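J.: One structure, pasted below without further comment.
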Amino acid sequence: MINFIGKRLFWLLITMWAVFTVSFILMRSVPGGPFDREKAVAPEIKRNLERRYNLDKPVLVQYGLELQRVFLHGDLGHCMNIADASVNYVIRQGLPISAALGILAMTFAVSFGVLTGVVAAAMRGSPLDIGLRLAATAGIALPNFVVAGICILLFVFWIPLLPAAGWGSLSQLVLPAFCLGAPYAAEVARITRTSMLDALSHDYIRTARAKGVSRTRVVLVHGLRNSLLPVVSFLGPAVAGILTGSLIVEQIFGIPGLGVYFVKSALQRDYTLSMGVVLLYTLVLYTMNFLVDLSYAYLDPRVELE
Amino acid sequence: MRLEGRSLFPWIAGAAILCSIGWALNRGQLPPADFTFVNGTEVKSLDPAIVTGQPENRMINALFEGLTSWNPETLVPEPGVAERWDVSDDLLTYTFHLRKDAKWSDGSPVTAHDFIYSMRRFLDPRTAAEYSYQAWYVKNAKKYSGGGRAVRPGDNVEVELNVDPDGVNSIRGKLVRGKLVSIEDKAGKELTDDNLIRAAADAALNIEDWTFVIATEAGEERFRNADDASAASNEPAEGERFARQILLDLHDVGMRVVDDHTIEFQLENPTPYFLTLLGFYPLFPVQQKCVETFGSPQWTDVENIVCNGPFKPEFRRLRDRTRVVKNEHYWNRDNVKLNSVDFLAVESSTTALNLYLTGEVDWIYDVPAAALRTLLAEQPPRDDINPVPLLNTYFYLLNVTRKPFDDVRVRKALSMAIDREELTEEFLGAGEIPTYSLVPPGLPGYAPPQCPQENVVEARRLLAEAGFPGGRGFPTLEILYNTHEQHQSIAQLIRDQWRNNLGVKVRTRNEEWATFNSSQRQLNFDVSRRGWIGDYADPNTFLDMFVSGGENNCTGWGDAEYDKLIAAAAVEPDPAKRLDLLHQAETILMDEQPIIPFYNYVSKNMVKPNIRGFYNNIQDTHPLSALWIDAEEETPNPFMEGRE
């Protein structure tokens with residue numbers, strides 16, 4: 001176990017370093033820099049802007065300085081675009097918000113997805129099953145912004161129940177959590193249904209039924225427990241994605257999370273901020289996969305960690 | 001053991017859900033502010049010197065006040081911190097008398113020293129103020145902000161010595177004054193005359209490579225630029241001293257404190273819009289004590305900042321909401337009617353519109369094009385939207401360094417083959433005005449000269465004359481635009497018009513913003529989209545862009561006569577003659593057509609009908625200090641004037 005964790009930590013460092021290096025090279029090889037503006041900036045002033053971020057130094061020196069700052073001091077540097085804030089501060093402000101919203105969306109996705117998946121599997125071929133499968137397909141096929149648009153029309157304008165955007169009250173959480181969770185719920189439902197059907201076709205289920213165990217108990221205890229593994233392995237990376245925020249949902253609902261920075265910082269050539277969010281995502285993704293591996297051992301006694 | 005671990009899962013999940021709901025709600029429900037509006041992207045900084053955008057403009061205007069302050073309706077400069085001013089007969093010396101009751105938000109008085117400190121800080125290249133050119137009208141200010149690149153042998157200079165790299169970064173180093181004797185380059189060769197000018201203009205110059213020989217009190221000394229960290233850890237070369245930077249002597253810059261409440265500015269040239277510029281946010285003062293106590297950018301933290309405007313910040317949540325409250329020390333506090341204002345950092349204009357339509361905000365400054373059409377067509381007409389033309393022009397740049405755009409007949413033909421009415425009326429639909437000049441209409445005393453209107457027959461003739469009858473032999477033309485739905489649709493429309501009217505092959509290329517800017521600067525395009533927003537209400541803000549080699553020219557076009565006229569206008573003291581010179585210059589520009597003007601933007605504000613003190617104007621500037629709320633809507637709403 002300790003061995004397993006130690007090995008994973010070592011590989012985490014290697015992964016972070018590799019991601020750092022690739023991002024560093026990519027960022028600096030696209031045309032345009034963080035201080036290129038539509039209106040020209042006087043050379044001495046641009047030079048001083050660049051100097052502040054060590055951009056006036058040779059690329060290899062920049063790489064060394066950045067690497068040292070990020071990995072030795074845990075300091076992601078200062079934002080190039082929001083001049084008042086450091087990257088660490090931006091992440092401290094945004095991550096809890098994205099994570100809170102993500103956890104709610106995931107809770108909705110898992111509970112709703114597993115429930116409908118189980119129901120659909122147990123009632124295979126019934127109109128309810130077909131309806132739920134249709135809904136799940138639609139949930140996967142419809143992009144976030146369409147779902148969000150429909151929800152806003154429905155619940156903000158036609159039936160004025162919920163606020164249009166913002167962050168801070170329970171009612172402001174409902175729509176974004178639903179829109180963010182919907183595609184995941186659909187995916188979870190599909191996976192649950194498939195693996196549930198697979199589990200239910202096994203011999204031990206027939207044995208259990210023959211012993212006289214009730215149908216509900218067979219499905220919920222014998223079936224469900226054995227069909228959860230695929231769901232868990234889907235959830236690992238999904239949680240990483242959902243925790244670090246979503247560009248679309250955060251933008252539509254005006255939520256001050258982290259999601260926007262993933263795209264915007266790259267477009268603005270904000271080297272430090274984009275590096276910060278990329279490394280953060282790597283860390284979260286790696287951690288989630290690690291947790292998934294750990295949970296396998298708990299869920300399935302046959303799995304051994306090595 | 002294993003079973004225990006497994007049964008922990010639901011508990012962990014439950015706790016996570018409770019935590020996240022708790023976190024989501026921990027900011028609590030705030031009492032709403034008196035006035036809430038959508039301010040666009042999160043402001044870059046609260047430091048007036050280093051910001052440039054519109055959201056920043058609105059924020060800084062609420063927090064700080066300059067020597068003058070713009071009338072909310074007419075934008076004419078009115079007394080701000082200065083209660084009156086004198087202008088010399090040659091229009092080169094401005095003396096400002098500060099009001100004695102102007103105070104910082106910590107209660108201390110705003111003095112002439114604060115303004116000189118802030119101006120110097122703004123010009124200091126280490127501050128890296130992108131907008132520093134807004135102060136270059138002051139004598140030698142441009143030279144000062146050019147740092148070591150701008151000084152020449154014979155100039156009086158000030159050498160700022162290095163400081164402890166771990167100290168507060170906004171405190172200046174010790175100054176050594178002297179006269180610059182010579183500059184030596186990396187190889188130790190003395191740079192003179194043309195060599196010096198050429199070397200100093202090189203954007204890639206490493207100023208650390210130069211040695212400055214300066215005659216100081218201690219005799220002739222040699223200085224080399226070094227940043228504080230390297231100065232602290234390295235020894236200078238034999239006989240040299242390290243300096244943080246070398247600048248023109250501040251005493252030679254045209255600004256001085258006469259007494260605690262009087263400042264004098266000497267200008268390079270008579271500048272009719274100088275008073276207006278002083279009311280423009282980059283030139284607003286900051287408090288020396290605050291900046292030097294906390295350092296930059298920490299002094300802009302809400303708990304540290306000291307400001308002198310009608311409001312002061314109460315809290316700032318990144319990309320969410322900034323609340324400002326009335327500044328009780330502001331001299332004109334009795335005329336500030338709003339006690340609190342919320343700036344919402346909402347980037348999507350659709351989200352902003354949703355917030356407005358559900359009554360969450362009182363003002364949005366942008367409406368998505370598709371929705372605008374519907375809103376304007378509503379019957380009975382809405383009482384909260386009234387688009388008016390702005391001081392902004394949408395145009396295409398032609399790269400005259402590429403064939404066949406070097407031929408004026410081709411450029412003219414391209415311009416004459418465009419149906420601007422189709423563009424503005426059927427396409428944009430918010431009342432945008434087709435334009436045939438670079439300078440938008442509406443500037444007092446200036447009727448912009450026009451380029452030829454649509455004339456497809458003449459366009460075809462010109463193209464044939466240039467050697468491309470019916471578009472035959474014309475190389476495939478490419479329209480470059482930055483990724484944006486509207487720019488894309490416009491580019492496609494123009495592409496179709498050119499194809500149909502001239503028979504030329506056209507394709508479009510989009511690039512995202514940073515790449516687009518760099519392509520434009522490197523003249524890496526045939527035809528490129530551009531929009532220009534006037535910095536101040538004067539034709540010069542548009543016209544000086546196209547002088548030969550101008551940083552923002554981006555067409556490769558240049559004309560000696562044009563340059564001469566722009567230069568002559570800059571030193572012309574008589575306002576009417578000056579405008580006439582600018583008119584002549586634009587006539588050349590519209591005759592040569594390195595650009596194709598399309599239309600003038602319109603404002604897209606939606607303002608709740610009970611808001612008063614909000615006026616339409618050509619720069620779309622709406623000071624928050626002028627706003628008040630007429631709950632019963634008893635007084636007429638000037639914002640809606642002119643809309644049938």
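The values are calculated or read from the model by the stated rules, or taken from the named source; none is laboratory data. Predicted model only: the values in this text are computed from it and were never measured. Counting neighbours? That spans all protein chains shown, and the Cβs are built from the backbone with ideal geometry, glycine included. Ligands, DNA and RNA are excluded from the accessible area calculation, which covers all protein heavy atoms including side chains. Shrake-Rupley method; radii C 1.70, N 1.55, O 1.52, S 1.80 Å.
J.: Pull up all non-local amide H partners of B:I433: gap of 5 or more, or a different chain, and H-to-H distance under 5 Å with H placed in the peptide plane.
T.: Long-range HN contacts for B:I433: B:N600.
J.: Spelling out what I want: for every residue of region A:249-266, take phi, set θ = phi - 60°, compute 6.51 cos²θ - 1.76 cosθ + 1.60 (Karplus), and round to whole Hz; glycine and proline get x.
T.: Once θ is set to phi - 60°, the couplings for region A:249-266 become 5, 5, 6, 5, 9, x, 9, x, x, 8, x, 4, 5, 4, 8, 5, 5, 6 Hz.
J.: While we're looking at this one, here's another question. To the nearest whole number, what is the average tally of beta carbon atoms from other chains within 10 Å of the beta carbons of peptide B:43-56? List each step's numbers first, then the result.
T.: Working: counts 3, 7, 5, 2, 2, 0, 0, 3, 2, 4, 0, 0, 0, 0.
So the per-residue partner count for this stretch is 2.
J.: Tell me, rounded to the nearest percent, the portion of alpha carbon pairs in region A:1-150 spaced more than 26 Å apart.
T.: 57 percent
J.: If you take the charge dipole of the protein assembly as shown about its Cα centre, with +1 on Lys and Arg Cβ and -1 on Asp and Glu Cβ, which of B:L283, A:M27, A:I5 is farthest toward its positive end?
T.: A:I5
J.: Per residue of A:162-173, what is the mean number of Cβ atoms on other protein chains within 10 angstrom of that residue's Cβ?
T.: Rounded to a whole number, the mean comes out at 6.
J.: Between B:D164 and B:A203, what length in nm is gained on full extension when 0.36 nm per residue of separation is reduced by their alpha carbon distance?
T.: Value of the extension gain: 11.2 nm.
J.: Charges on Cβ only, +1 for Lys and Arg, -1 for Asp and Glu, centred on the Cα centroid of region B:386-453; of B:F405, B:V439, B:S415, which one is farthest towards the dipole's positive end?
T.: Value computed over the given set: B:F405.
J.: Placing +1 on the Cβ of each Lys and Arg and -1 on the Cβ of each Asp and Glu in chain B, which of B:A24, B:V151, B:Q522 has its Cα farthest towards the positive end of the resulting dipole?
T.: My answer, from the dipole projection, is B:A24.
J.: Can I ask one more? Taking R0 as 35 Å, what's the FRET efficiency between B:A13 and B:D34 from their Cβ-Cβ distance, rounded to 0.05?
T.: The calculated FRET efficiency here is 0.25.
J.: Turning to a different aspect of this structure: Enumerate the amide H contacts of B:D249 below 5 Å, restricted to partners 5 or more residues apart or on another chain; note that Pro and chain-start residues carry no placed amide H.
T.: Those lying under 5 Å, H to H, from B:D249 are B:N156, B:V157, B:E158.
J.: Still on this structure, I have one more. Give the interface area between chains A and B as buried accessible surface, both sides summed, probe 1.4 Å, in Å² to the nearest 100.
T.: Roughly 5600 Å² of accessible surface disappears when A and B pair.
J.: If packing is taken as the mean number of other Cβ atoms within 10 Å per residue, what is the order of B:193-204, B:333-344, A:167-178, highest first?
T.: In descending order of packing, they fall as A:167-178, B:333-344, B:193-204.
J.: Exactly which trypsin sites (Lys or Arg not before Pro) in region B:221-293 are in a DSSP loop and have at most 12 other Cβ atoms within 10 Å?
T.: Within region B:221-293, no trypsin sites (Lys or Arg not before Pro) qualify (loop, at most 12 other Cβ atoms within 10 Å).
J.: Subtracting the Cα-Cα distance from 0.36 nm times the residue separation, let me have the gained length for B:H484 to B:T93 in nm, one decimal. The partial results should precede the final answer.
T.: Values: separation 391, 0.36 × 391 = 140.76 nm, distance 4.57 nm.
Roughly 136.2 nm would be gained on extension.
J.: Compute the accessible area per residue over region B:201-275, keeping the other protein chains in place, probe 1.4 Å, unit Å².
T.: Averaged over the residues of region B:201-275, the accessible area is 45 Å².
J.: Ok, one more. If you average the alpha carbon positions of region B:297-337 and of region B:390-457, how far apart do those two centres end up, in angstrom?
T.: With region B:297-337 and region B:390-457 each reduced to a Cα centre, they are spaced 43 Å.
J.: Continuing with the same structure: Report, in deg cm²/dmol and to the nearest 500, the calculated mean residue ellipticity at 222 nm for chain A, where each DSSP H run with n ≥ 4 adds -39500 (n - 2.57) and the sum is divided by the residue count.
T.: Helix contribution divided over all residues of chain A: -24000 deg cm²/dmol.
J.: Ok, one more. Leaving out ligands and nucleic acids, note down the accessible area per residue over region B:1-160 with a 1.4 angstrom probe, in whole Å².
T.: Numbers: 6260 Å² over 160 residues.
Accessible area per residue, region B:1-160: 39 Å².
J.: Right, here's the next one. Which pairs break 27 Å Cα to Cα here: B:K186/B:K564; B:K100/B:K143; B:K142/B:K312; B:K100/B:K337; B:K143/B:K179?
T.: From B:K186/B:K564; B:K100/B:K143; B:K142/B:K312; B:K100/B:K337; B:K143/B:K179, over 27 Å: B:K186/B:K564; B:K100/B:K143; B:K142/B:K312.
J.: With just the Cα atoms defining each centre, how far is region A:269-304 from region A:87-163? Give it in Å.
T.: Answer, in whole Å: 23.
J.: Moving to a separate point now. Using the Karplus curve 6.51 cos²θ - 1.76 cosθ + 1.60 with θ = phi - 60°, work out ³J(HN,Hα) for each residue of region A:204-216 in order, rounded to whole Hz, and write x for Gly and Pro.
T.: Residue by residue, region A:204-216 yields 5, 5, 4, 4, 4, 4, 4, 5, x, 5, 5, 4, 4 Hz.
J.: Based on DSSP, what percent of beta bridges with both residues in chain B are antiparallel, to the nearest 5? Before the final figure, lay out each step's value.
T.: On the way: 72 of 89 bridges.
Within chain B, antiparallel bridges account for around 80 percent of the total.
J.: Rounded to the nearest percent, how much of the accessible area of chain B (1.4 Å probe, protein heavy atoms only) is carbon and sulfur?
T.: 51 percent
J.: With charges only on Cβ, +1 for K and R and -1 for D and E, what is the dipole size of the protein assembly as shown about its Cα centre, in debye, rounded to 20?
T.: I would put it at about 4420 debye.
J.: Residues with beta-carbon under 11 Å from that of A:S227, excluding A:S227: net charge, scoring Lys, Arg +1 and Asp, Glu -1?
T.: Cβ neighbours under 11 Å give a net charge of +1.
J.: Taking θ as phi - 60°, what are the ³J(HN,Hα) couplings along region B:501-508 by the Karplus curve (6.51, -1.76, 1.60), each to the nearest whole Hz, with x for Gly and Pro?
T.: Rounded to whole hertz, the list is 7, 10, x, 8, 8, 10, 10, 10.
J.: Work out the mean other chain Cβ neighbour count within 10 Å for the residues of A:28-40 and drop it here as an integer.
T.: For this peptide, the per-residue mean of nearby foreign Cβ atoms is 6.
J.: Could you tell me the distance between the Cα centroids of region B:48-101 and region B:219-265, to the nearest Å?
T.: One Cα centre to the other: 29 Å.
J.: Okay, next question. Treating only the Cβ atoms of Lys and Arg (+1) and Asp and Glu (-1) as charged, compute the dipole magnitude of chain A about its Cα centre; round to the nearest 20 debye.
T.: 500 debye
J.: What ranking, highest mean first, results for peptides A:274-280, A:254-260, A:144-150 when packing means the other Cβ atoms within 10 Å averaged over each residue?
T.: A:254-260, A:274-280, A:144-150
J.: Compute the angle between helix A:224-243 and the longest alpha-carbon principal axis of chain A, please, reported from 0 to 90 degrees and rounded to the nearest 10.
T.: It is inclined by approximately 20 degrees.
J.: Once every DSSP H run of n ≥ 4 in chain B is given -39500 (n - 2.57) and the sum is divided by its residues, what mean residue ellipticity at 222 nm do you get, rounded to the nearest 500 deg cm²/dmol?
T.: So the calculated ellipticity at 222 nm is -8000 deg cm²/dmol.
J.: Let me ask something additional. Rounded to the nearest angstrom and ordered from largest down, what semi-axes does the equivalent ellipsoid of region B:368-479 get from its C-alpha gyration tensor (root of 5λ)?
T.: Details: eigenvalues 232, 58, 30 Å².
One finds semi-axes of 34, 17, 12 Å for region B:368-479.
J.: Here's something else I'd like to know. For an R0 of 60 angstrom, estimate the FRET efficiency from the Cβ-Cβ distance between B:D574 and A:L267 and round to the nearest 0.05.
T.: Computed FRET efficiency for B:D574 and A:L267: 0.80.
J.: Rounding to the nearest 20 debye, state how big the charge dipole of chain B is about its Cα centre with +1 on each Lys and Arg Cβ and -1 on each Asp and Glu Cβ. Intermediate results must be reported in sequence, preceding the final value.
T.: On the way: 65 positive and 96 negative charges, 311 e Å.
With only Lys, Arg, Asp and Glu charged at Cβ, the dipole is about 1500 debye.
J.: Under a 5 Å amide H to amide H cut-off, with H placed in plane at 1.01 Å, what residues pair with B:R321 once short-range neighbours are removed?
T.: Excluding prolines and chain starts, which carry no amide H, the hits are B:A345.
J.: Can you tell me the 0 to 90 degree angle between the C-alpha axis of helix A:87-122 and the longest principal axis of chain A, rounded to 10?
T.: So the inclination is approximately 20 degrees.
J.: Note the angle between two axes, namely the Cα long axis of helix A:59-73 and the longest principal axis of the Cα atoms of chain A, as a number of degrees from 0 to 90, rounded to the nearest 10.
T.: The angle comes out near 60 degrees.
J.: For B:K186, what charge total do you get from the other residues with a beta carbon under 10 Å from its beta carbon, if Lys and Arg give +1 and Asp and Glu give -1?
T.: Overall, the nearby charge balance is -3.
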